[in-house]
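*Asks:* Shown below is the structure under consideration.
The values are calculated or read from the model by the stated rules, or taken from the named source; none is laboratory data. Predicted model, so just to flag it, every value in this text is computed and none were measured. Heads up, the Cβs are rebuilt from the backbone with ideal geometry, glycines too, and the neighbour counts pull from every protein chain shown. Accessible surface is based on the protein model in full, side chains and every heavy atom, while ligands, DNA and RNA are left aside. Shrake-Rupley method; radii C 1.70, N 1.55, O 1.52, S 1.80 Å.
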Amino acid sequence: MLGALLAVGFLARLDARVGPATLRLSARPALVGSSRLAVPPFGSVSARTHLGPLEFRATLDDVDVQALARLIDRSPGSTQVSQDELGATLRPLELQARRAAALFVLKMIALGVLGGAAGVLLFPGRTWVRLARCAAGGVLATALLLAPSLATFDISAFRAPRYQGALEYAPTLIGDVRTGLRRLHTLREQMALISQNLTRAYTALSQPTPDLGSGTIRILHVSDVHLNPAGFDLAQRLAKQFEVAAVVDTGDMGTWGLSFEPSVAARLKEFDVPYLFVKGNHDSPDVVRAVAANRNARVLDWSATQIGGIRFFGVGDPTFSPGNGYRTDDFEKLKDERSIAVGGAIDTQIPPVDVLLVHDPRLATYALGHVATVIDGHLHAFGTQVTNGTRELTTGTVGGAGPDGLRSRQPVPYGAEVLYFDPLTRRPIGVDRIAVHSLESSFSVDRELLVEGQSPFRPDPVEVPTTTTLEPGPTTSQPPQVLPQEPRGRGGAGLGRPDPAVTQSSTP
């Protein structure tokens, strides 16, 4: 019986195809009979579906996008769907799910019998009689596990489910039941638009791009993934289409600091080029460590690296804002103050720094004029300006602002930008801004030429106002910092900062 329990607990696994999705089915002994559906990285939903001492688990392992598109095309329209039409769409999926469940139960029974039979190895005298008795013990243990579970299983228990992980935010994201049902009725139409939009965008991006000059070094700049797998999909496609030398990620790969969030960093190994990363204010230490665990990733925090002869210096965000919204003013002052140390660190770098990477533009407030280019994110919108000779480039959110984007009245576009660096001046001479509108059949690729990039950079540091000495910050070993009393305005040429109403979701 023990052999059967061990076999079922450790070996009961089955990968099953249900429509466009691959589900990993598993089971293990438990004190309370329950079933759990896990959808990494967003969390899981569970319910007490039976009385047996087993926990059943189904984990979404993969989704075939093309198969999903074909299923959408065959689905009935989103207006007045009849029961017959809905049944015709769902019946094949239900049959596949039932077949997968039956195969899984048969596999559990077989494992129980084999595990029980393996118990004969514990006895010194191995006879056919003892083998039969051990196999019978395995059958008995499997029956005690499965019989009450299958006899009392009630799928309707999921009408009152329990949410764990990011799904704890489901009531906020979905709203009341009526609102949720209205959104479900339009989901098919919205998914079709997303599919059309991405197809058009990728088709356009696959065309040869105009030459910005022979030998330019292309860098893909992304930011604010916020746990959205579609953000990584878009970044991967752009990195290949534009044949970039590296990907620069200016932070906020995570969102809430929950335990499952570091798992999203496993996607970085799918990139064929170096992946430079600086911590954002929504990235926990576990997320940063998970990023660094990838061979092609380079986490920059008061450190530098070189790509194609261009030297990048990165500083991680000194704050972690989830649950600390009341400290927004303190965080902003800390970043302004720390930007003075950032400028000082840039001045001491050998060889000289060409590009500063930060998440929040505030962290570069008094580093402007010390370096030719600043790359940042955080605002969930594109922006650029020139201050004291420094070109600052802010990208949008490649993850569509993640879960926060779902709450916005106006959908947040998926955004990224490709920077073209001149290898002689080591400054960007052009930028392509790509925006994909997830709930509209539209996208855009806007190019801007940056004329100052054709000339070498001349340092012209932003003036630091009267200061007072403060204690050193909690996340850096830099010397004691100074706090600016009244920062002067940051003027500049080019596109101004995005409207605050547009970037409201990016505040800590």
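Per-residue answers, yes or no, for (1) out of contact with any Ser or Thr (no Cβ under 6 Å at 6 or more places or on another chain); (2) of a type outside the set (Val, Ile, Thr):
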position: Glu337; (1), (2): yes, yes
position: Val342; (1), (2): yes, no
position: Pro351; (1), (2): yes, yes
position: Val355; (1), (2): no, no
position: Thr373; (1), (2): yes, no
position: His378; (1), (2): no, yes
position: Thr384; (1), (2): yes, no
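The rows are residues; the columns are (1) modelled with pLDDT under 90; (2) among the aromatic types (Phe, Trp, Tyr); (3) within 17 Å of the chain's Cα centre (by Cα).
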| site | (1), (2), (3) |
| --- | --- |
| Gly415 | no, no, yes |
| Arg426 | no, no, no |
| Gly430 | no, no, no |
| Ala435 | yes, no, no |
| Leu439 | yes, no, no |
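*Asks:* Inside segment 301-329, can you point out the residues that are open to solvent by 50 Å² or more (accessible area, probe 1.4 Å), of a type in the set (D, E, K, R) and in contact with a strand residue (DSSP E or B) (Cβ under 9 Å, 6 or more places away or on another chain)?
*Replies:* Scanning segment 301-329 gives a single hit, Asp301.
*Asks:* From Ala239, Ala266, which residue is of a type outside the set (S, T, N, Q), surrounded by fewer than 17 Cβ atoms within 10 Å (Cβ to Cβ) and in a helix (DSSP H, G or I)?
*Replies:* Values: Ala239 fails: surrounded by fewer than 17 Cβ atoms within 10 Å (Cβ to Cβ).
None of the others qualify; the one that does is Ala266.
*Asks:* Return the only residue of Pro461, Pro479, Pro508, Pro500 being touching a helix residue (DSSP H, G or I) at 6+ places or on another chain (Cβ under 9 Å), open to solvent by 60 Å² or more (accessible area, probe 1.4 Å), at pLDDT below 60 and more than 28 Å from Lys240 (Cα to Cα). I'd like the intermediate steps shown before the answer.
*Replies:* On the way: Pro461 fails: at pLDDT below 60; Pro508 fails: open to solvent by 60 Å² or more (accessible area, probe 1.4 Å); Pro500 fails: touching a helix residue (DSSP H, G or I) at 6+ places or on another chain (Cβ under 9 Å).
Of Pro461, Pro479, Pro508, Pro500, the one residue that is touching a helix residue (DSSP H, G or I) at 6+ places or on another chain (Cβ under 9 Å), open to solvent by 60 Å² or more (accessible area, probe 1.4 Å), at pLDDT below 60 and more than 28 Å from Lys240 (Cα to Cα) is Pro479.
*Asks:* While we're looking at this one, here's another question. Cβ-Cβ under 6 Å, sequence separation 6+ or interchain: first residue in segment 16-28 and closer than 17 Å to Gly52 by Cα and small (Gly, Ala, Ser), partner assigned to a strand (DSSP E or B) and open to solvent by 20 Å² or more (accessible area, probe 1.4 Å). Which pairs?
*Replies:* Ser26/Arg13; Ser26/Arg57; Ala27/Phe56
*Asks:* Just one of the numbered conditions (1) touching a strand residue (DSSP E or B) at 6+ places or on another chain (Cβ under 9 Å); (2) not in a strand (DSSP E or B) is not true of Glu332; which one?
*Replies:* (1)
*Asks:* Out of all the residues in segment 176-183, is one or more touching a strand residue (DSSP E or B) at 6+ places or on another chain (Cβ under 9 Å), more than 17 Å from Val8 (Cβ to Cβ) and modelled with pLDDT under 80? Spell out the reasoning first.
*Replies:* Applying the first criterion (touching a strand residue (DSSP E or B) at 6+ places or on another chain (Cβ under 9 Å)) to segment 176-183 yields none.
For segment 176-183, residues touching a strand residue (DSSP E or B) at 6+ places or on another chain (Cβ under 9 Å), more than 17 Å from Val8 (Cβ to Cβ) and modelled with pLDDT under 80: absent.
*Asks:* Also, I was wondering about something else. Could you check segment 310-326 and list, in sequence order, the residues that are small (Gly, Ala, Ser) and either modelled with pLDDT under 95 or over 29 Å from Glu243 (Cβ atoms) (or both)?
*Replies:* Just the residues of segment 310-326 that are small (Gly, Ala, Ser), to begin with: 314, 316, 321, 323, 325.
Correct list: Ser321, Gly323, Gly325.
*Asks:* Only residues that are over 17 Å from His359 (Cβ atoms) and small (Gly, Ala, Ser): list them for segment 255-271, please.
*Replies:* If the condition is that a residue be over 17 Å from His359 (Cβ atoms) and small (Gly, Ala, Ser), then Ser259, Ser263, Ala266 are the ones that fit.
*Asks:* State whether the residues of segment 232-255 include one that is in contact with a Gly (Cβ under 8 Å, 6 or more places away or on another chain) and charged (D, E, K, R).
*Replies:* Yes, some residue in segment 232-255 is in contact with a Gly (Cβ under 8 Å, 6 or more places away or on another chain) and charged (D, E, K, R).
*Asks:* If I go through segment 277-300 residue by residue, how many of them are part of a helix (DSSP H, G or I), more than 18 Å from Pro322 (Cα to Cα), open to solvent by less than 30 Å² (accessible area, probe 1.4 Å) and out of contact with any Phe, Trp or Tyr (no Cβ under 6 Å at 6 or more places or on another chain)?
*Replies:* Summing the residues that are part of a helix (DSSP H, G or I), more than 18 Å from Pro322 (Cα to Cα), open to solvent by less than 30 Å² (accessible area, probe 1.4 Å) and out of contact with any Phe, Trp or Tyr (no Cβ under 6 Å at 6 or more places or on another chain) in segment 277-300 gives 1.
*Asks:* I would also like to ask the following. Could you grab me the full set of residues in segment 335-369 that are more than 27 Å from Gly254 (Cα to Cα) and among the polar types (S, T, N, Q)?
*Replies:* Answer for segment 335-369, where residues must be more than 27 Å from Gly254 (Cα to Cα) and among the polar types (S, T, N, Q): Thr348, Gln349.
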